[in-house]
1. Would you mind checking LYS79/LYS205; LYS74/LYS127; LYS225/LYS311; LYS205/LYS302; LYS79/LYS127; LYS79/LYS231 for any pair whose Cα atoms are more than 32 angstrom apart?
2. In whole angstrom, note down how far apart the Cα centers of the range 124-138 and the range 226-257 are.
3. For LYS79 and PHE206, compute 0.36 nm times the residue count separating them, minus their Cα-Cα distance, and round to one decimal in nm.
4. Label point 7 Å out from GLN306 along Cα-to-Cβ: which residues of the range 55-94 have amide N under 14 Å?
5. With the crude spin-label approximation of a point 7 Å out along Cα→Cβ, what separation in nm comes out for ARG234 versus ARG114?
Amino acid sequence: MTNQLILNEPIAAGLDVIGDRWTLLILREAFYGATRFEQFCHRVSISRATLTRRLNALIEKEILYRAPTKASSKRFEYKFTQRGLSLMSSSLLALQWEADWRQNNDRQHNVAQRLYHRVCGERLAPKPVCRACDTLVAFNDVSWLDMSEQLDNQLDTIRASNAKHRKRVVKSGKDEPDTDPGLASMVGDRWTILILIACFFGARKFDAFINQLNIPSSVLAERLKLLAEAKVLRRDPYQNNPVRYEYHLTDKGKSLFPFIMSLRQWVVENMLEASQVNNRLVHNPCGNPLTLDVVCAGCGQKPWPQDIEWKR
Ligand SMILES: [Zn+2]
Ligand SMILES: [Zn+2]
């Protein structure tokens, strides 16, 4: 039973909105200050047609809105709604993770090192904390409660939602950024994020991922290979003849936990009806259901885009 828990996870539904690598790159540039179509086009190196589609989808989901610029009523800029602003926590954690694990650590390329929090004047290091007890949330401090009796209904819903994606994902490939080395290019699709969530909650073997996620085996094989190449997962043989592997999170993989949990938190708070939320994640040190907040490590306040300063 426990190996099917992941299917019950509400994040699967919300990932339709943000679980796409182009969308993660667009949102990241928006948090860095891009507002104009041409700026996104240039900074993300994305085709105009793809950019138009992704921006329209973000407007439709009320993450961005479009408004005339001050200078001209014929020109437009894209700005965050309140719902969009609350994605900044995830974006900060992504940035910090990239900085922690990147090879080339010079300051010019390390965006996280140039980010300051105006409220306290410190470098803005994002710290994931439990809302109930205000302490740091780490990978080993969270457990997953047993599921509810409505499980079967919810499983069906998520299986159906994943089934819808099987065709679309398999034939994608052309329409993807090619050279971005960051997190978005590695985890920027719903399957990869779901695979990581399954890993966080104990999936190790190929069949376990298949059972939990209703994922096509070719897509699973490809994503596991990518995650192993990125050293997020380690592949250990557990059987010979034929050889079969187990997949284990490396330290680099475990350190993605706050980022993935904050994406999940955003989905829970913004994309689901109260009745769909089934909070079964527990923060062990305090025993409360886990609600993740991201605060500035220097002062403990929640950072907002207007409080962020860039230094060269
Ligand atoms: Zn707690
Ligand atoms: Zn601060």
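Laboratory data are not the source of any read-out in this text; all were calculated from the coordinates shown. Keep in mind it's a predicted model, so treat the numbers as computed, not measured. So basically every Cβ, Gly included, is an ideal-geometry build from the backbone, and we count neighbours across all protein chains shown.
1. Details: LYS79/LYS205 43 Å; LYS74/LYS127 41 Å; LYS225/LYS311 37 Å; LYS205/LYS302 38 Å; LYS79/LYS127 25 Å; LYS79/LYS231 35 Å.
LYS79/LYS205; LYS74/LYS127; LYS225/LYS311; LYS205/LYS302; LYS79/LYS231, as the Cα separations exceed 32 Å there.
2. 28
3. On the way: separation 127, 0.36 × 127 = 45.72 nm, distance 4.16 nm.
So the extension gain works out to 41.6 nm.
4. Of the residues in the range 55-94, 80-82, 85 have backbone N under 14 Å from the label point off GLN306.
5. 3.5
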